[in-house]
Amino acid sequence: MKRKLGILTCSNMTQVLDCPVGGCLNDLRNRQGAFALYENSSVDLVGTISCNGCPTSTGYDVILPRVAGLVHYGMTHLHLSYCMVVLCPFANKYAKAIKAGYPGLEVVMGTHEPHQSDDEFRKQIRNQLAERHTAIIP
Ligand code: SF4
């Protein structure tokens, strides 16, 4: 059966820092990074969606309606993006909630290959987010 992939991203990256998910899609095309799993296989990408934003008083199952949107299109494998895996303090808890909510779904941690060390990436994103927040609060 053809595998049908979905990608769940960090909304800090997509909504605030304007990431178009290009790095993930490039490595999917080239079967690099976490997508090496599908070397020599044909897959469909059913969609990408960001998280709801950092959960504060909400529970981790707030992520489930996001996943439902992809399951609706037949997703069999959900990739949590590289940025989620490296940046998100809640990534493992989301993965646990998703596995509990969708036991038949394969949940894969990661998408594209790293382009720098994890610490360098965290520092870069921390600085970019600080710049954006400075820009909107004069
Ligand atoms: S850090 Fe985690 S919860 Fe917060 S916006 Fe990014 S992926 Fe979502």
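Nothing in this text is a laboratory measurement; each read-out follows from the coordinates by a stated rule. Just so we're clear, the structure is a prediction, and the values are computed from it rather than from any experiment. Cβ atoms come from the backbone with ideal geometry, glycine included; neighbour counts cover every protein chain shown.
Peptides 85-96, 117-128 ranked from most to least packed, by the mean per-residue count of other Cβ atoms within 10 Å: 85-96, 117-128. Between Glu131 and Asp119, the contour length at 0.36 nm per residue exceeds the alpha carbon distance by 2.5 nm. If only the Cβ of Lys and Arg carry +1 and only the Cβ of Asp and Glu carry -1, the dipole of the chain around its Cα centre is close to 300 debye. The helix-based estimate of mean residue ellipticity at 222 nm for the chain, built from -39,500 (n - 2.57) per DSSP H run of four or more residues and divided by its residue count, is -11500 deg cm²/dmol to the nearest 500. If the chain linking Ala100 and Cys54 were pulled fully straight, counting 0.36 nm for each residue of separation and taking away their Cα-Cα distance, it would gain 14.6 nm.
Projecting the Cα atoms of Pro103, Gly53, Ala130 onto the dipole axis of the chain, where Lys and Arg carry +1 and Asp and Glu carry -1 at the beta carbon, places Pro103 farthest toward the positive end. In this rough spin-label picture, where each label sits 7 Å from Cα along the Cβ direction, the Lys93-Ala36 distance is 3.2 nm. Round to the nearest 0.05 the FRET efficiency obtained for Val62 and Val107 when R0 = 22 Å and r is the Cβ-Cβ distance. That gives a FRET efficiency of 0.85. Relative contact order for segment 1-121: what percent, with Cα pairs under 8 Å and sequence separation of 6 or more? Reported as a whole number, the value is 37 percent.
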